[in-house]
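**Q** Please find one structure pasted underneath; my questions will follow.
A short reminder: the numbers here are calculations on the coordinates, not readings from a lab. It should be emphasised that the depicted structure is a prediction, and the values quoted were computed from it without experimental measurement.
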Amino acid sequence: MLPSPPADAARVNLASTVEVNYWCQTLNCTETRLRNAVLAVGPLAADVQAYLQR
């Protein structure tokens, strides 16, 4: 079961543990991969998702 969606579903907020867990589950990735993706392409969820699907 996924945690509650973040307040801003268009952005990945790495400062919130709850949101990091949400995005890791939603995007099926580790926290390290999520953080690296945000560093590479920025916090927009669509960009992060596209990056992780490469």
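**Q** Given the DSSP H assignment, sum -39500 (n - 2.57) over each helix run of at least 4 residues in the chain and divide by its residue total; what's the result at 222 nm in deg cm²/dmol, nearest 500?
**A** For the chain, the value works out to -16500 deg cm²/dmol.
**Q** Over the chain, what number does the Rg to Rh ratio reach, with both radii from the alpha-carbon atoms and Rh per Kirkwood? Before the final figure, lay out each step's value.
**A** Working: Rg = 9.7 Å, Rh = 10.8 Å.
Rounded to two decimals, Rg over Rh is 0.91.
**Q** For the range 24-30, just list the computed ³J(HN,Hα) in residue order, Karplus coefficients 6.51, -1.76 and 1.60, θ = phi - 60°, integers in Hz, with x standing in for Gly and Pro.
**A** So the Karplus estimates, Gly and Pro as x, are 4, 5, 5, 9, 6, 9, 7 Hz.
**Q** Give the long-range amide H neighbours of R11: residues separated by 5 or more places, or on another chain, with amide H under 5 Å away, using H modelled in the peptide plane at 1.01 Å from N.
**A** Under 5 Å from the amide H of R11 lie the amide H atoms of A45, each far enough along the sequence or on another chain.
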